[in-house]
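Coordinate-derived values only; no laboratory data. Just so you know, these numbers come straight off a predicted model, no measurement behind them. Because the Cβ atoms are built from the backbone with ideal geometry, glycine has one as well, and the counts that use them run over all protein chains shown.
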Amino acid sequence: MRKTIIFLFSIILLFLATKAVADSPDIPPLPGQVDPYRTRSELLMDATAYTGVFTPEQAASVWAKGLEMRSAAMQYTVMTDKLKKEYAEQLDALRSNWVTGESSPSVMSYSFKKVSKTDESHAEIILQIKVGSYHDPTEYYAARLWLVREEEFWRIDRIAADEGLYYYTLYKP
């Protein structure tokens, strides 16, 4: 329970830091001055290495909840270091401020279609992501997540998704 609370607290802090960076004016620091928003973001991103979830399903749920909340920070927290680096580089190249998806249509829900553990350290999960709005027809996209266990935490190591889901993940493998 304590680890779950620590994990949720870390996600909230990372989300707030990301929002602070997104809401901050684009004023560069003076020469010799430290950018406090960049520092805060880097520290929170580094903290995700020490937080995590304890089942593959929890990792997939946090990632999918990040799609619903349009939060790249939530998606980021459950990735391996290699995938975090790749994802952050793509987000930075887009200058996305770590906000994913669209307000309408948006990710409405997700469901597990297949969960398989190949062994005690590897799993594969297929999610069905429901996207829609009151004005647009509902669409469904598939996302396949490959997960690995790193010490006590499960992390997403690889993602493959239907092309239409790109606008909601801002990630291309």
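Of the peptides 56-66, 35-45, the ranking by mean beta-carbon count within 10 Å, highest at the top, reads 56-66, 35-45.
The Cα trace of the stretch 40-82 gives Rg and Dmax of 10.2, 29 Å, the first to one decimal, the second as a whole number. Take the Cα of ARG95, step 7 Å toward its Cβ, do the same at ASP119, and the gap between the two points is 4.6 nm.
In terms of Cα to Cα distance under 15 Å, which aspartates and glutamates are near enough to LYS117, apart from those fewer than 8 places away along the same chain? By straight Cα distance, LYS117 reaches GLU57, GLU150, ASP157.
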